[in-house]
Structures are given as structure tokens and as C-alpha cells.
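A.B. asks: If you scroll down you'll find the structure; I have some questions about it.
The values are calculated or read from the model by the stated rules, or taken from the named source; none is laboratory data. For clarity, every value in this text was computed on a predicted model and none was experimentally measured. Every residue, glycine as well, gets a Cβ built from its backbone with ideal geometry; the counts of neighbours run over all protein chains shown.
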Amino acid sequence: MVTLYDSGVYLLNGSTLVPEENAPAVVNVSKEEAKKGTIAYGILQEHNVSGDPENLKIKFDAITSHDLTYVGIIQTARASGLDKFPLPYVLTCCHNSLCAVGGTINEDDHVFGLTACRKYGGIYLPPHMGVIHQYMREAMAGGGKMILGSDSHTRYGALGTMAVGEGGGELVKQILEQTWDTAYPEVIAVYLDGKPNPGVGPQDIAIAIVTAVFKNGYVKNKVMEFVGPGVSSMSTDYRNGIDVMTTETTCLSSIWRTDEDTKDFLTRHGRANDFKQLDPADVAYYDGCVYIDLSTVHSMIALPFHPSNGFEIRELNENMDDILHAVEEDAKKLIKRPELHLNLWEKVHDGALYADQGTIAGCAGGTYSNIMEAAYLLDGKSTGTGEFALGVYPSSQAVMLDLVRKGAIEKLISAGATIRTAFCGPCFGAGDTPAHGSLSVRHTTRNFPNREGSKPGNGQIASVALMDARSVAATAANGGRITAADELGYEFTCPEYNYDPTAYEHRVYQGFGKGDIEEPLVCGPNIKDWPELPPLNEHMLLRVCAYITDPVTTTDELIPSGETGSFRSNPLGLAEFTLSRRVPEYVGKAKAVKANEEARKAGNCPDEVAEVLARVRAIPGCENVTDETVDLSSTIYAVKPGDGSAREQAASCQRVLLGGANIVKEYATKRYRSNLINWGMVPFVIDEAPDFEDDDYIFVPNVRAALDGDMSNIPAYVMGKEVKKLTLSIAALTDEEKEIIRCGSLINYNRKLKNAR
């Protein structure tokens, strides 16, 4: 089904794969020259302003944010000297479209967003009009472009756009006409052959890919380049559904070869001029290859709690005992609450696994062709009058309009499905949140723990399995019994999509280039500025306030989504939820560290801290450490944090509680590490087994000076019952990133630049 090559490959004439070891006999181009033959190379270099092809400084064509992130981004940019949006900036209201109680009322944020667009010259998409990525596909993405978004699923590769999901700080840099900096990434060919079988949808192919490459890190922080004849066997709408899920592989970005169907998609959306023919050169070198025969992919299910936990549905049905037992055992290790356990066996009866809920939604599931085929499968059927319920969220008003005109919505409603507006809630736990103990099957992007219906700290657990819209619809028509759509033996030809932008023309504020700095920015009472943050001192004293040994820690565990949404524009209010579902005691510990540091700075050093500093001065070479040259802050240890969402709050919430660093084995994604840097936190790595524990103090001498060295061997000391030496390191940083850390945050860095002018 999916084959991973052990070495690099050459692609000849876009069709023939030659493993690197066989290349000398057939390839007459040097490897370095052939690397320039990828589609990715050309697009990256066209946007690179560094003059160095190996160390990129990228300026994007457009940026985009939704209402979980745009307030913080604009507040950061304002604090850094914002006077206009110099490139198209699309603000969408698709994450907090529903009423919120407990923090900032959502409409306050939406008014903030609209007035920011009037003031600085942005594009504003009101609530319920479209999910962020569908609108960007419809209105902004095009051949050869690059787009940056403050959402991890910013992926428009199937339209010929290299798109990247990052934390808000990276968007602030673009707003301030700075750059996104990265070493030139490896590029992996995703060679598609054959064509999908009837009943197999984009989510099936995506789950197969994610399952093959996530755990082994095959494409981590690399570019996935989709090539081969199989690309043209699928419509562009279908390709979009695969492309958006590349985020779950932890790749850096994606790009696809384009063809006549890509051109047709853009033409239908009134943007024929945005089409660009993109193909690899006659000889192109790739650092690896994922080979997929599309005809061998069957209907898939990704069981809790990750999109990479994929199985063919027929395999699940044939080996249910072993598979469900393994999933439940893995859940025990993840949740670590003996009184709270996943019990999928409760959902098995009559020899089959049953779901309690189905959802088709968002940038992955809510596309036109997915819903059209789901409607076909449910035509004349019933979802039943029992517990099982099906919710369908078309991805935009434009998609909704054509589904209505073609009768698909009527078929779904008649079958018992309920139709919602464009909203991302089911993807992050704010819409159709399943009940305690229930199983939901969804065509959405993620099924992480602590995301949809699971609050282990409150004794609540639910589970989500990912499936394609086709199998979700087949399951709904079968009373919730998990059903593989490719086993139904049907053929379906999707009617052509007719895009009508009228709804956008009547509601979307198109303000790029029309900003008026005299326009008032309307801030509701709970929209708060960022607090002042201290610069990095000469020496660093850290207290470990969370010690996490899970193989991977997701962004949603670092800062939960869902119920925290109403606090997103209040930094200190949101920080109260930091690690609340994973390490509930973290906030109290971090606050205590912050209070101790404030007391020390005021001349009332707590006895415990004074004793630790006295022992620090007893370390050879540290005799001259003074109260003025050392700062106390908190840290977390985690094996591999930052998988999933791009939300910068995962870092900023630690920082406003006076977090100073993370210590990790590795970072799950570039975007989480970037978030730490932009909030002035030191991204330490430790190669050895950590010889410290929760609540230990760790002293890092000369940390500020260490940023000027090679950063590969940074001495540190565990101030336990006995002083133990540690060796930390920091992976490569640009000069700008080093200065951001020294300044204590991106805000402080830009203030310093402004004052120096």
C-alpha cells in the first residue's frame, strides 16, 4: 500500500523513479544540480531574500489567522510598532463562532478583527462564512505562491502553493516586514501511482500516509512533494483533502505537481491567472520517497488517539480482539489514571464496533465532493432514532450554496443528519463534543487525547476515530456500525462544482491596501495587552515545574483547546489553563516561582531560593554570580513536546507565568520551537537521560554568553541534595533568534529595533 525508500531517489521525466544507488548508470546530472529540479526548490528560492540558497529568509505572499490567534498576533504587532499590514492578511472567524461564557465574548474578538482590518488594511471573513483553509483555497492560493498561517493545517499544496503553519510570532515578523528563517529543508517525493477505488476517499489515503511516516519521523520538518501519474487520477478538491492532512506527518510543508484539473479549479473560482504549471525538472533528486499505489488503499480508520493509529476497516473487523486491546493498553499509558480507562469493547455488539456519533466537518471533511458523496450514500436512508447522530459542516457558504442547489443538503436532512455552518469546532473540541464514554467517528483532522470530550482531570473520557466522509456516511446509514465504504460496491461520479462568490461579495471586508490608521481599534473589556517580560540575564536558575515522560506531548496538552477559547485574548487568564489536563499542579508551581522571583527582586529573597543561590556560588567558577546577574524562572521537561496545533499560546502561557526555558529530548515540530524562541524562552535539548526530577532547581551559568558559542555543550548543574552536572545544548539559531531570546521576547526585540532607528 505504502512503501518508504531507504535512500534518496532520482525522478526522471516526472515518471521514473531511480534509487540513488542505481543512479550512476542512468543519471548524468550531479546530485547537487538535480536537487534544484524539485518544485519545492524553485518556489522556496523565488521567495528567499537571503542570497544564500542553504539558509533561507522567506517573505510570503499572504498570511492568514483565525479568531483563536489573530487578537494575540495583532496585539504583539501593535506592541512592536505596527502601522499597516504590508501584505494581504486574511482574518477568519471560524474557531470561536459560537457564544462563549467565562472570558472574552467571541463577538468582542470579531469586532476587534474587523476594526483591525479597517485600521491596518486587512481582509475580514465574518463568522459562519467559511473555515480558514477553505477560504484561502477559494480566494488566495495559487501556483508558485507561499502562504503563512497561524494554524497548523495551513496547507494549499494541491493548488501549487507552498503553505506553512506557524505560531503567531512568525506572522508578526511578516507584518513587520521581517522574514521566516529556516535552513533549506530536505524534500521527499510522494509518488502516486494508480487511482483510488470506488468508496475510497482522501482521508483514507491520508491516514495510510500518516500511519506510514509519523512514528518513524520519515518526513519530519521536510517538504512533501506529490508527483507521479496518480496525481491526475483525483480531482483537485479530492487532493485538497489529502494535502491538508500532511500536517499530521509533522512535515514542514507540501507541494503538488499541477495539471489541467488544477487550472479548472482555479478558473471555476474566477482566478485562472493564479494557475501555474508546476512539474519537477527532467531530472530531480529527492532525499527520500513515499511510494503509494492508490488502487491498493482501502477504507481506513485511525483509532484513538492519533491520526497515525491507522488500520484498514476490514482489518479491524477481522482482528478486533487484538487491535482494540492494543489501543486500550496504549491509552492506559497515555492517560495514567487507573480509575479512568478507555473501553472500546463497550462499543462492540453483534460482532461489530459501533459509534455513537458521526461528524463530517472542516477543512478536511467539509469539502464539496466529500459531502456530495456522503449525500449520495445516505439518499433514501436513515441515520436512525437511537443515540447515533450525524452532523455535517460544509466548509464555506459557497460550498453550502452549491450543495443546496444540487439537492445534497435535502438528502442529508431527510436522512436525519443535521447541517451546521462553516465552523472548525469539531476539530478542536468546541463542536459536537462527544459524551463521556462515547465513540465518535469523524472526517476531521485530529483525534488527539484531551481534545474532544476527554478531561481526565475531571474523570471524563471520550474517544474519536478518524474516517473518510464516505465511510462515516456508510456507518450512519448502518445504524452506527463501523462500515467500510469501499465494500459497498458502488460507483459515484461527482457533479461539477459551480462556485458562486455572491455571499462573499456581500459580507467579506476587502480592505487590503485601504487601511486608515485613524480608524479606532475596538477592544472589548477582556482583550488585554501582553504583560512586560524580562530580558535574558547572564545566568539562569530554573525550577522544574512539570516533568513529562510521555513519548509525545501535544500542543493541546500544553494548553488545552475547547473550553479555553474564551480566554484567548487575555494572556494571564488563558495561562491559568497551562498544562491543566496533563499536569494540573503546573500553574500553581509556576506562580510560586514567579512570586519568589518578584520577592527576590524586591529584596525579600525567600529562604529556599537564597539557600540554592548560596550553593550555586560554591560551584567552582561561579563564585562571582550575584543577585543582579541571575534570574529565577520555571521550566518544563518533556520528551518530545509540540506535536499538533501551531497555537503560540502553548509557549506564551508558560512565558507569562515566567517560564524561561524548555528542556527536551527533541521538539516535535519546528513551529513549537519557534514559538518558544519568539516568546524569549531558551529551547534546550538534553541528549542524556535527565538526571533531575520534578521540583529540582537547575542552574545554567553564562547562558547569555552561551548563545555566542556553538551551543553544543552548555554546562548546567542540578541543585539537588548533591550538585550534579548536566550537559545541555541548543540547536542552530539565526542571529535574529539569538537576539530575540536575549531581549526576552519578539516584542522586546522589535521595540529595541525601533528605538535604535
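A.B. asks: Just a yes or no: is a residue in region 86-105 farther than 26 Å from residue 163 by Cα, modelled with pLDDT under 90, outside any loop (DSSP other than H, G, I, E, B) and not aromatic (Phe, Trp, Tyr)?
C.D. replies: Residues of region 86-105 that are farther than 26 Å from residue 163 by Cα, as a first pass: 98-105.
Then keep just the ones that are modelled with pLDDT under 90; that gives 98-105.
Filter once more, keeping what is outside any loop (DSSP other than H, G, I, E, B): none.
So far as region 86-105 goes, no, none of its residues is farther than 26 Å from residue 163 by Cα, modelled with pLDDT under 90, outside any loop (DSSP other than H, G, I, E, B) and not aromatic (Phe, Trp, Tyr).
A.B. asks: Answer with yes or no whether residue 17 is within 23 Å of residue 156 (Cβ to Cβ), of a type in the set (A, V, I, L, M, F, W, C), buried (at least 16 other Cβ atoms within 10 Å of the Cβ) and in contact (Cβ under 8 Å) with a residue 40 or more places away in the chain.
C.D. replies: Values: within 23 Å of residue 156 (Cβ to Cβ): no; of a type in the set (A, V, I, L, M, F, W, C): yes; buried (at least 16 other Cβ atoms within 10 Å of the Cβ): yes; in contact (Cβ under 8 Å) with a residue 40 or more places away in the chain: yes.
Judged against the criteria, residue 17 is not a match.
A.B. asks: Against the definition (buried (at least 22 other Cβ atoms within 10 Å of the Cβ) and outside the structural domain of residue 223 (by TED's automatic domain parsing)), how does residue 632 come out, yes or no? Show your work before the answer.
C.D. replies: On the way: buried (at least 22 other Cβ atoms within 10 Å of the Cβ): yes; outside the structural domain of residue 223 (by TED's automatic domain parsing): yes.
The answer is yes for residue 632.
A.B. asks: For region 345-381, what are the residues that are at pLDDT 95 or above, of a type outside the set (Gly, Ala, Ser) and farther than 17 Å from residue 301 by Cβ?
C.D. replies: 367, 368, 371, 372, 373, 376, 378, 379, 381
A.B. asks: A further question on this structure: Looking only at residues that are touching a helix residue (DSSP H, G or I) at 6+ places or on another chain (Cβ under 8 Å) and aliphatic (A, V, I, L, M) in region 325-342, which one is nearest to residue 438 (Cα to Cα)?
C.D. replies: So the residue we want is 342.
A.B. asks: From the list 68, 11, exactly one residue is more than 30 Å from residue 649 (Cβ to Cβ) and either buried (at least 23 other Cβ atoms within 10 Å of the Cβ) or outside the structural domain of residue 96 (by TED's automatic domain parsing) (or both). Which is it? Outline the logic, then answer.
C.D. replies: Details: 68 fails: more than 30 Å from residue 649 (Cβ to Cβ).
None of the others qualify; the one that does is 11.
A.B. asks: If we keep just the residues of region 314-338 that are over 29 Å from the mean Cα position of the chain (by Cα) and not in a helix (DSSP H, G or I), which is farthest from residue 449 (Cα to Cα)?
C.D. replies: Checking each candidate, the answer is 319.
A.B. asks: Could I ask something else about it? What is the one condition in (1) farther than 18 Å from residue 745 by Cβ; (2) out of contact with any strand residue (DSSP E or B) (no Cβ under 6 Å at 6 or more places or on another chain); (3) at pLDDT 95 or above that residue 605 does not satisfy?
C.D. replies: Every listed condition holds for residue 605 apart from (3).
A.B. asks: Hey, another quick one. Looking only at region 547-568, filter to residues that are aliphatic (A, V, I, L, M) and surrounded by fewer than 24 Cβ atoms within 10 Å (Cβ to Cβ); which one of those is farthest from the chain's Cα centre (by Cα)?
C.D. replies: Among them, the one singled out is 548.
Yes/no per residue for (1) assigned by TED's automatic domain parsing to the domain that holds residue 424; (2) surrounded by 24 or more Cβ atoms within 10 Å (Cβ to Cβ); (3) in a loop (DSSP other than H, G, I, E, B):
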site: 84; (1), (2), (3): no, no, yes
site: 109; (1), (2), (3): no, yes, no
site: 115; (1), (2), (3): no, no, no
site: 118; (1), (2), (3): no, no, no
site: 128; (1), (2), (3): no, no, yes
site: 143; (1), (2), (3): no, no, yes
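A.B. asks: Under 7 Å between Cβ atoms, which residue pairs at least 6 apart in sequence (or on different chains) link something in region 698-715 that is over 11 Å from residue 730 (Cβ atoms) and without any contact (Cβ under 8 Å) to a residue 40 or more places away in the chain with a partner that is surrounded by fewer than 18 Cβ atoms within 10 Å (Cβ to Cβ) and among the polar types (S, T, N, Q)?
C.D. replies: That search, which allows pairs on different chains as well, returns 715/727.
A.B. asks: Looking only at region 712-731, how many residues end up being among the hydroxyl-bearing types (Ser, Thr, Tyr) and more than 23 Å from residue 670 (Cβ to Cβ)?
C.D. replies: 2
A.B. asks: For region 183-200: of the residues being crowded, with 17+ Cβ neighbours inside 10 Å and of a type in the set (A, V, I, L, M, F, W, C), which is nearest to residue 370 (Cα to Cα)?
C.D. replies: The residue in question is 200.
A.B. asks: Another question, then. If I go through region 141-188 residue by residue, how many of them are farther than 22 Å from residue 257 by Cβ and among the β-branched types (Val, Ile, Thr)?
C.D. replies: Residues flagged as farther than 22 Å from residue 257 by Cβ and among the β-branched types (Val, Ile, Thr) within region 141-188 amount to 4.
A.B. asks: Okay, next question. Where in region 151-210 are there strands (runs of 3 or more DSSP E), lying fully within it, with 1 or more residues that are assigned by TED's automatic domain parsing to the domain that holds residue 17 and touching a Pro at 6+ places or on another chain (Cβ under 7 Å)? Before the answer, list the steps.
C.D. replies: Numbers: elements: 162-165, 180-183, 187-193.
In region 151-210, 187-193 are the strands (runs of 3 or more DSSP E) which contain 1 or more residues that are assigned by TED's automatic domain parsing to the domain that holds residue 17 and touching a Pro at 6+ places or on another chain (Cβ under 7 Å).
A.B. asks: Specify the residue that is surrounded by the most Cβ atoms within 10 Å (Cβ to Cβ); the eligible residues are those in region 397-429 that are in contact (Cβ under 8 Å) with a residue 12 or more places away in the chain, aliphatic (A, V, I, L, M) and out of contact with any Ser or Thr (no Cβ under 9 Å at 6 or more places or on another chain).
C.D. replies: It comes out as 408.
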